[in-house]
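The next block holds one structure in the form of structure tokens; read it before the comments.
Read-outs: derived from the displayed coordinates by stated rules, not from any lab. Computed from a predicted structure; not experimentally measured. For neighbour counting, all protein chains shown are included, and Cβ atoms are generated from backbone atoms with ideal geometry for every residue, glycine included.
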Amino acid sequence: MAKNLAYLPAVSPSADGSETDSYYYVYGYEDSNLSAARETTNYGTYGVLYNWPAAMTACPLGWHLPGDTEWTTLTDFLGSGAGGLMKEAGTAHWSNPNFGASNNSGFTALPGGLCANGGGFGGLGESARFWSSAVDGLLAWYWHLNNSSDNVGGLIVHRSISFSVRCLKD
């Protein structure tokens, strides 16, 4: 996919969440009215933020949440500065300096931020975080890009945190 997933079957305020049940968020939206959430600018621009259980089932039929091997294949293919090659160029959505951003890969990473269950929203304009299907015990892997670097890398985090999703065609 060349766009953040916007599948939204339900929406919750940032204070609600779980590491085992699916939760869906629209950045900055603090209610549960699905129609109103879909009308927000952030939904239209950045899509939906998913906790890991939601991310595991969000991709449409014929698509899947990429694993770390698939993310690594992409970044290895792009080589040095892969994060810059994946980020949308300019500062329409990314905060300055959006270092190295060219989007030469066509991935068009957008900085949709995150929802930290109980901690609110953060990182809009500064970071793009995408779930991986890979797990490490009670933690799950995600891939991270930010405005101050042209790097991209995988990290692990608690499954209740919510990030963007990009699906890969089967």
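Rounded to the nearest 10 degrees, the inclination of helix 68-78 to the longest alpha-carbon principal axis of the chain is 30 degrees. Residues in the range 105-121 carry Karplus couplings, in order, of 7, x, 5, 6, 4, 10, x, x, x, 8, 10, 9, 2, x, x, x, 9 Hz; the curve used is 6.51 cos²θ - 1.76 cosθ + 1.60 with θ = phi - 60°, and Gly or Pro positions show x. Residues whose amide H falls under 5 Å from that of Ala134, counting only those 5 or more places apart or on a different chain, are Asp68, Trp141, with hydrogens built in the peptide plane.
A DSSP coil position with no more than 12 other Cβ atoms inside 10 Å describes the following GluC sites (Glu not before Pro) in the range 1-83: Glu39.
By residue number, which cysteines of the chain lack any other Cys whose Cβ falls under 4.7 Å from their Cβ? Taking the Cβ cut-off of 4.7 Å, the unpaired cysteines of the chain are Cys115. Inter-part distance, the range 10-63 to the range 111-170, computed on C-alpha centroids, equals 14 Å.
Per-residue counts of other Cβ atoms within 10 Å, averaged by peptide: what ranking do you get for 141-149, 159-167, 117-125, highest first?
Values: 141-149: 20.2, 159-167: 24.0, 117-125: 15.9.
Packing proxy ranking, top to bottom: 159-167, 141-149, 117-125.
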